[in-house]
Amino acid sequence: MRDDLSETSFGPRWHSGPLALYVDAFSRRISELGYARSTRQEKLRVVADFGRWLARRRLVVADVDEHVVVEYRGRSCRRGDSTTFVDLLESLRSAGVVPRPAPATVECPRERVVLEFGRYLVEERALSQASLNNSLPFVRGFLAQRFGAGPVVLGDLRAPDVTQFLLRKVHSVGPGRAKLMVGALRSFFRFLRWRGDITIDLASTVPRVADWRLSSLPKSLPAGDVKRLIMSCHRATVTGQRDYTVLLLLARLGLRAGEVVAMTLDDIDWEAGELRGQGKGGREDRLPIPRDVGRAMASYLRQGRPRDCTTRRFFVRRHAPLRGFANSMAVCTIVKRALERAGIASPRKGAHLLRHSLATELLRRGASLAEIGELLRHRLVDTTAIYAKVDLVALRALAQPWPAGGEA
């Protein structure tokens, strides 16, 4: 049951000053976020002191914003105060008494170009935020190296500028990141030419990276190691049950880390036994939930997921604030820690390791590439083709015997 802190618990002094009418709403908010009672008491003390400071300064609630908070915190900066004021501002803005800040204007010319390119990728090419996170840092770095703190004259860009940047960067990143880098620059130069900022076809001057997609084997674990990995979770604990459920979804359904992060309570159709998820490109997929996965999900909901949290995300942080995972790194960290607990040495430690392991094991059991591609929700057959190289039985039948006594 929710344990709100109220005026009856701490006296009217908590409900004085400009924030008096909004203390209870703030108390309910931090209770819903899962903070312990002692932490909530400390946060309310901070807000009460802030309210008295506002009264001395003759400020009203509508005056409260990030700048006022910074001025107040200049008096003292204690651990935890920053999250207190983030929650307070959100509570006041949700109540409509404090306006939300207008989007910040970008003063840096370089950053303005990067943001315009980002909007183009979203609006014209429908790329996801993950794609932007992979592309924009390279463009930002290129513009910083070429123009520094000076004016950005895009019409002055020439092929040697591209070559110098790539020669400087290519040795510090792996083949995969190098492919992302040249792809981002090529797309950026096409954008500039489409917009009329440059007349030279700089995209054609960006070289290709010699990292052929089918040149390596997909990294995977044998079925026995995957089982050890999953069973390493201490399911008697809340965290262990949550991590066990996450690992099952990765290993049995081949979900991507981002899909696990984005899962919501509304994505589960318990009657049909299906999981609805957003795949790449915003495509909606429906996957059957295996019995063991369904049992693990139900156990997590009954015993592990906090009951009072307001987020609709399926998986929730263990400690306050009780919200969904921030990003895919949280899921990759779960996999990495499970590998360490199980004592499994693997060159890859991210969530995709279990997706590859699922595909490899299915192929060894006789599943076709088409069936694997359907389960993994690949749009192109070529994407699944890499797993053909781990089907040693089929490859052995294709191999020609070395001619005895023949010339090499």
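From the cross-link list 169/349; 43/349; 179/227, which pairs have alpha carbons spaced over 29 Å apart?
Beyond 29 Å between Cα atoms: 43/349; 179/227.
May I ask for the net charge around residue 140, where only other residues with Cβ less than 9 Å from the Cβ of residue 140 are counted and Lys, Arg are +1 while Asp, Glu are -1?
It works out to a net charge of 0.
Can you tell me what percent of all Cα-Cα pairs in region 223-394 are more than 27 Å apart?
24 percent
Starting with the fewest neighbours, write out 87, 243, 65 ranked by other beta-carbon atoms found within 10 Å of each beta-carbon.
With the fewest neighbours first, 87, 243, 65 line up as 65, 87, 243.
With each label point set 7 Å from Cα along the Cα-Cβ vector, what nm distance links residue 172 and residue 38?
According to this spin-label approximation, the distance is 4.5 nm.
Full-extension gain between residue 291 and residue 82, please, as 0.36 nm times their residue separation minus the C-alpha to C-alpha distance. Each step should come with its number before you reach the end.
Details: separation 209, 0.36 × 209 = 75.24 nm, distance 4.37 nm.
So the extension gain works out to 70.9 nm.
Pairs of Cα atoms under 8 Å, at least six residues apart: use those to get the relative contact order of region 218-331, whole percent. Each step should come with its number before you reach the end.
Working: 127 pairs, mean separation 31.3, N = 114.
This gives 27 percent for region 218-331.
How many Å³ per residue does the convex hull of the Cα positions in region 109-205 occupy?
Looking at region 109-205, the number lands at 94 Å³ per residue.
Where the only charges are on Cβ atoms (+1 Lys, Arg; -1 Asp, Glu), what is the dipole of region 109-205 about its Cα centre, to the nearest 20 debye?
Here region 109-205 has a charge dipole of around 240 debye.
Provide the FRET efficiency to the nearest 0.05 for the residue 266-residue 67 pair, computing r from the beta carbons and using R0 = 35 Å.
0.40
Tell me, 90, 284 in order of fewest to most beta-carbon neighbours within 10 Å?
284, 90
At 0.36 nm per residue, minus the direct Cα-Cα distance, what do residue 199 and residue 60 gain on full extension? Give it in nm, one decimal, please.
Value of the extension gain: 44.5 nm.
Read the figures in this text as sums done on the coordinates, not as results from a lab. As the structure is a computational prediction, the values presented were derived from the model and not from experiment. Glycine also receives a Cβ, built like all others from the backbone with ideal geometry; neighbour counts cover every protein chain displayed.
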